[in-house]
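Following: one structure in structure tokens, then a few remarks.
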Amino acid sequence: MDQGRIVAVGAWDDVAAHAHGAHVLDLAGRTVLPGLIDTHAHLLWTALGLAALDLSGANDHPSLEAIVREQATSLPPGSVIFGMGFSEYALDTAAFSPIIDVLDAASPDHPAFLIGVTGHTSAANGRALEELDLPDDTPGVMRTAGGRPSGLLTGEANNIATGVFSRRFRANQDGAHLVAQTVELAHSVGITTLHALEGGLAESDEDVLRLLATVPGLPLRILLYFQTTDVQKVVSLGLPRIGGCILLDGDVGPHTAALSQPYLDDAQCCGTLYFTQGKIDAFVLEAHRAGLQVALHAVGDAAVEQALNAYEAALAAAPRDDHRHRIEHCEVIRAEQVQRAVGLGVALAIQPPFNHFWPHTHFYPTLGEERAWKADPVRALVRAGGLVAGGSDSSVTPLGPMIGIHAAVNHSNPAERVTVQEAIELYTINAARIGFTESDTGSLEVGKLGDLVVLADDPFHLDPSLIKDIPIEMTIVGGDVVHSR
């Protein structure tokens, strides 16, 4: 390498002439891949999760109560108990259990606000609801059969509450230190480039601007997607992209993912579209005309349809080659929509780890058997011929592209499994292309940046069931070793 870029690739005899005076690192036959790229993560939210109360071990009401009660004993009365990561499925949000009673018993003297692992559901005790003072008609305030608040929040109520309490909690944290820890975490799992989707519900514009100012000094390549519909603000910052989780809909668990057909357990419910078609069309057209790459969150097929309609209308009004507008997630997507996306040149940013942590065989019964069987497709998208790349949606699932590679190879639906090569490409060359960085990253070629990851084992010759457990021996960014095991 020279000045952080690759000058030669090949066997020793091919590169020796370029190695005079260079530091030689003998990897003893270990596997080297291009630096891994996570195309959908929330860096600030992941950082906040390092400081928040960890609820990932709460699998039922008693375990959740125990975690919150212990935290309450260590905090002054009145201070916020802010937790992240409980399983909406384990706590049975579909039945709207009175979680408020559990949290009131565990923390009577503290406002307690807990965010579910996907971020689309939250739980609050009575004191937190009092401080929120949401209007009675706010959509998403779940109620018991008797009509009182159950403590569960979805949809608009969840979005409002998440913004209020996350900002309140964040104000008392050392944000710079948490970001530095998150960068180290990314290095430890082989990430050299991160697409950071920031702003919107949980962060203020000031949080995003502080991160943007910090990015040049971080030893991690960060592509920032500003989650706002204010096109002029993004243009004024000189960013070439906008969006990320601009929420067209919610998620399957709380029945807010927008579907074209009703949920199996509620014939009157097709989920929630948070924008009218007219509003999202206007936003996309403005951003498209400004030359920006646009990214939109769409979990259900009705939301995917809305995104495709908006992109199609913008392209008809202002044709533009190689725009690479994105749809994030695409968990429930119809075959004709996949082909339509390919025809429009729309890239799909998917999260294979969703299927690893919530396989269709157990976690999507409300979709019905046929839709659940096709949920979180990988092979169907990869083989359709369009641009598909992988991410984690951290903190929804942990940072770690090897988990995503594993999930794509070992999908719970055998028909949706891909080869190891295809899975790796989701987090390397395809991931580079979806961010317009393929001239610098995504493969090991002369002239590209010296971003590498060294694996302890070869995923091409290992039992596929063990891919996720392959240790990251070393992560190199621009020729500098930033992590070594």
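Shape analysis of the stretch 1-80 based on the Cα gyration tensor places the equivalent ellipsoid semi-axes at 52, 15, 12 Å, largest first. Beta bridges from DSSP with both residues in the stretch 75-223: antiparallel share about 50 percent, rounded to the nearest 5.
Using only the Cα atoms of the stretch 401-485, build the gyration tensor, take square roots of its eigenvalues as a ≥ b ≥ c, and label the shape rounded, prolate or oblate: rounded if a/c is under 1.5, else prolate if a/b is larger than b/c, else oblate. Oblate.
The loop-placed trypsin sites (Lys or Arg not before Pro) in the stretch 290-329, going by DSSP, that have at most 15 neighbouring Cβ atoms within 10 Å of their Cβ come out as Arg320. Taking Cβ atoms as reference points and 12 Å as the exclusive limit, the residues near Gly4 contribute a net charge of -1, counting Lys and Arg as +1 and Asp and Glu as -1.
Under the convention that each Lys and Arg Cβ holds +1 and each Asp and Glu Cβ holds -1, the size of the dipole of the chain around its Cα centre is about 660 debye.
Note that the chain presents 40 Å² accessible area per residue, ligands and nucleic acids not counted, probe 1.4 Å.
DSSP beta bridges fully contained in the stretch 163-304 are about 10 percent antiparallel.
All C-alpha pair distances within the chain, sorted into 10 Å bins from zero, spread as 4, 20, 30, 27, 14, 4, 1, 0 percent across the bins. Straight-line reach from Lys374: taking Cα to Cα under 27 Å and skipping same-chain neighbours fewer than 8 places apart, the lysines in range are Lys468. Rounded to the nearest 0.05, what FRET efficiency do Leu209 and Arg168 give with R0 = 22 Å and r taken as the Cβ-Cβ distance? Could you check? So, using R0 = 22 Å, E works out to roughly 0.70. Each Cα pair under 8 Å and six or more residues apart adds its separation to the average, and for the stretch 350-402 the resulting relative contact order is 47 percent. Packing, taken as the mean count of other beta carbons within 10 Å per residue, orders the peptides 420-426, 218-224 from highest to lowest as 420-426, 218-224. A cut-off under 15 angstrom between Cβ atoms defines the neighbours of Leu134, and their net charge, with Lys, Arg +1 and Asp, Glu -1, is -3. With an a/c value under 1.5 for the gyration tensor axes a ≥ b ≥ c computed over the alpha-carbon atoms, the stretch 40-175 is described as rounded. Taking Cβ atoms as reference points and 15 Å as the exclusive limit, the residues near Ala408 contribute a net charge of -3, counting Lys and Arg as +1 and Asp and Glu as -1. Under the membrane-span-like helix rule (DSSP H runs whose alpha carbons stretch at least 30 Å along the helix axis, mean Kyte-Doolittle hydropathy 1.6 or higher), the chain yields none. The spacing between the stretch 192-218 and the stretch 271-333, judged by their C-alpha centroids, is 23 Å. Across the stretch 157-265, C-alpha contacts under 8 Å between residues 6 or more apart give a mean separation that, scaled by the residue count, equals a relative contact order of 21 percent.
Expressed as a whole percentage, what fraction of the accessible surface of the chain belongs to carbon and sulfur atoms when a 1.4 Å probe is rolled over the protein heavy atoms? Its accessible area is 53 percent carbon and sulfur atoms. For the stretch 173-332, just say rounded, prolate or oblate: build the C-alpha gyration tensor, square-root its eigenvalues into a ≥ b ≥ c, call rounded for a/c under 1.5, and beyond that prolate if a/b exceeds b/c, oblate if not. It comes out oblate by the Cα gyration axes. Select from Ala287, Ala258, Leu273 the residue farthest towards the positive end of the dipole of the stretch 229-291; place +1 on Cβ of Lys and Arg, -1 on Cβ of Asp and Glu, and compute about the Cα centre. Farthest towards the positive pole: Ala287. Taken one residue at a time, the phi angles of the stretch 134-140 give Karplus couplings (6.51, -1.76, 1.60, θ = phi - 60°) of 6, x, 4, 9, 5, x, x Hz. Gly and Pro are set to x.
Listed by chain and number, the lysines placed with their C-alpha closer than 20 angstrom to that of Lys233 are Lys279; residues fewer than eight positions away on the same chain are left out. Rounded to the nearest whole Hz, the Karplus-based 3J(HN,Hα) values (6.51 cos²θ - 1.76 cosθ + 1.60, θ = phi - 60°) of the stretch 216-228 follow the sequence x, x, 8, x, 8, 7, 10, 9, 8, 9, 7, 7, 9, with x at glycine and proline.
The values are calculated or read from the model by the stated rules, or taken from the named source; none is laboratory data. None of the values given here were measured: they were computed from a predicted structure. Cβ atoms come from the backbone with ideal geometry, glycine included; neighbour counts cover every protein chain shown. Just the protein is used for accessible areas: all its heavy atoms, side chains included, with ligands, DNA and RNA removed. Shrake-Rupley method; radii C 1.70, N 1.55, O 1.52, S 1.80 Å.
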